[in-house]
Amino acid sequence: MNLLKYVRVQWDRAGAVVAAFLGLVVLIFGYLGTSDTEYIAEQIPYVISGGLTAVILFVVAGVLWLSADLRDEWRELAAQGDDLRAFLENEAANSGKAPGRRNG
């Protein structure tokens, strides 16, 4: 059950792994189809369908993985901002000043 919970939380990383795996499968099937024939005219449909589909799936996998990394970075940055805000409010409460104001 932990796997389902992880997939639910990290849906973009799970999608990236699935897209990369499907890209690899499509690439292998395209190669197997190409290797069965000697004539270039018969190999071109396999190269186009297998190779192009695999490239698209690999790009989708990369974009999904990058999206997950960016989401993690934004979440961490927001947590650091909250920590800084709480620290500044605590310092202001302890010193008796409003946050962000200086004595000039």
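The values are calculated or read from the model by the stated rules, or taken from the named source; none is laboratory data. As the structure is a prediction and not an experimental result, all values here were calculated from the model. As a convention, Cβ positions derive from the backbone with ideal geometry for all residues, glycine included, and neighbour counts pool all protein chains shown. Note: areas computed on protein heavy atoms with side chains; ligands, DNA, RNA excluded. Shrake-Rupley method; radii C 1.70, N 1.55, O 1.52, S 1.80 Å.
If the condition is being under 30 Å from residue 17 (Cα atoms) and open to solvent by less than 70 Å² (accessible area, probe 1.4 Å), then segment 67-93 contributes 67, 68, 69, 71, 72, 78, 79.
Of all residues in segment 7-26, those that are more than 30 Å from residue 75 (Cα to Cα) and open to solvent by 80 Å² or more (accessible area, probe 1.4 Å) total 1.
Would segment 8-22 turn up any residue that is aliphatic (A, V, I, L, M) and not in a helix (DSSP H, G or I)? No, that holds for no residue.
Apart from one condition, residue 44 fits all of (1) out of contact with any Asp or Glu (no Cβ under 6 Å at 6 or more places or on another chain); (2) closer than 20 Å to residue 17 by Cβ; the exception is (2).
The set of residues in segment 27-48 being part of a helix (DSSP H, G or I), of a type outside the set (Asp, Glu), free of Cβ contacts under 8 Å to residues at least 24 places away in the same chain and open to solvent by 60 Å² or more (accessible area, probe 1.4 Å) consists of 28, 29, 31, 32, 35, 40, 41, 44, 45, 46, 47, 48. Close Cβ contacts (under 9 Å, 6 or more residues apart or on different chains) running from residues in segment 57-85 that are of a type outside the set (A, V, I, L, M, F, W, C) to residues that are surrounded by 13 or more Cβ atoms within 10 Å (Cβ to Cβ) and at pLDDT below 90 comprise 85/99.
Anything in segment 49-66 that is open to solvent by less than 50 Å² (accessible area, probe 1.4 Å) and not aliphatic (A, V, I, L, M)? List them, or say none. I'd like the intermediate steps shown before the answer.
Residues of segment 49-66 that are open to solvent by less than 50 Å² (accessible area, probe 1.4 Å), as a first pass: 50-51, 54, 57, 61-62, 64.
Within segment 49-66, 50, 51, 62 qualify.
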